[in-house]
Structures are given as structure tokens and as C-alpha cells.
Amino acid sequence: MKGRRWLVLGVAAGIAVGIGKLPYFAGAAVSLSDTAEHLVGTGGLDLLHRAARHGAPQRVLEALMAIIAVVLPGVTAVLLLVAARSTLRLRSIISLLLAALGVASFFYLPHGIAAGTAALAFVAAGIAVVATGPLVAAPLAGVAGLIAVTFLPRLLARHSTVPSLPIERLHEALFQTAGAPLWLRIIVLIIAALPFAVAARLVIR
């Protein structure tokens, strides 16, 4: 896909911010990634509340909420990369429509005015093609990379509460007893990592 380099550069910049190589942007970038996760999480919780109002079993809802807690960062990263890829595709359509508008102006405007309109349309089309990558796609991919580099280490840390709390809630929802067996931890870790694998494929595909 044309423009993939902006996805790669954006993800690389996000990772650099996450590991402290670009500390000046760290605070704002982390706040931006938290906001993105919050927006996605709000949508997921709203769906669960709707399901609860329609009589969905409490244990099922608790299990789903536990799963959402671990997949939310990865899903957010995937959605950000899907949006970035979509902007790269749309820029071609937008530029063609602008160019077509410039050409069409010759059919209903005086020649002098039409020439100026066409020139403006072609300039706008060029800006749409050139600027979409660095100004839209790269920042979206950057936030996705930042989420990955900040969440995955916490996911794998021995004493982190990121996987532990959802595992305990999921075990209680499934078996109505407290516990965090190793097999369930492995399953939860795999579930949490899957969206990031999808996100990585979106960048390199």
C-alpha cells in the first residue's frame, strides 16, 4: 500500500516516545493514548450495559468485562491503524475529486475564473496527497505504537496487576471461585496479545 512508510515511521515514533527517546512528547502522547483507550472502552462498556438491560446473565457480562479489560489497548491500537490506513486510501479519492472539480469548472465558468479555480483545486489535491501521511496517518500510527510499547511490558511483568485482576475476575465469573491458575493466565495473555499481532500485520501488509 502506498504511504506505508508513514505507518512505519509513526509506529517507530510512538515506540521512541514510549521508551523515553523523545521525552518532550511523552506526557502529551501518553495522555492521547489514554484518551483513545477511554473512548474505545466507553463504547464497549455501553454495549455491555445494553446487554445487561436485555437480561444477559451477570456471569457472562463479568467474563466479557474481564476480557475487554485485557484486549482494550490492543483493540484501540488496531482501530487507530485502520483509521490511518483509511486516510491513506481516502487521500487518493479526495485528490481525484478535487482535480475533477477543477476540470469541471471550465464547463460552467468563464475561462479566466475557471483557470484560477482549476489551479486552486490542483494545489488542494496535491496538499491532500502530500500532507495526509505525515499529518494524519503517522500520528495515528504513532499513538498505536505508543500503546503497544507501554502496555505489553506491563502485561508480561511478574507482579503487574494488568493481567492479574482480569484473570481473577474471569476465573470467578467462570467457576464462581477465586483463583488465577497458570493455564488461565496463559490464555488471557494470548488473548491480550492477539490484537497487537493484528496491528503489526496492518503496518507491514
| Taking a quarter of the surface of the convex hull around the Cα atoms of region 61-192, what do you get in nm²? | 10.7
| task | Return the sequence-ordered ³J(HN,Hα) values of region 73-83 in whole Hz as given by the Karplus equation 6.51 cos²θ - 1.76 cosθ + 1.60 applied to θ = phi - 60°, using x for Gly and Pro. | result | x, x, 5, 4, 4, 4, 4, 5, 6, 4, 5
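Evaluate E = 1/(1 + (r/R0)^6) for Ile186 and Leu135, where r is the Cβ-Cβ distance and R0 equals 45 Å; express this FRET efficiency to the nearest 0.05. It would help to have the intermediate numbers written out before the result.
Values: r = 41 Å, r/R0 = 0.91.
About 0.65, to the nearest 0.05.
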| query | Taking θ as phi - 60°, what are the ³J(HN,Hα) couplings along region 167-175 by the Karplus curve (6.51, -1.76, 1.60), each to the nearest whole Hz, with x for Gly and Pro? | reply | 5, 5, 5, 5, 4, 5, 5, 7, 10
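Read the figures in this text as sums done on the coordinates, not as results from a lab. Everything quoted here is computed from the prediction, not taken from an experiment. Neighbour counts are summed over all protein chains in view; Cβ atoms, including those assigned to glycine, are modelled from backbone coordinates with ideal geometry.
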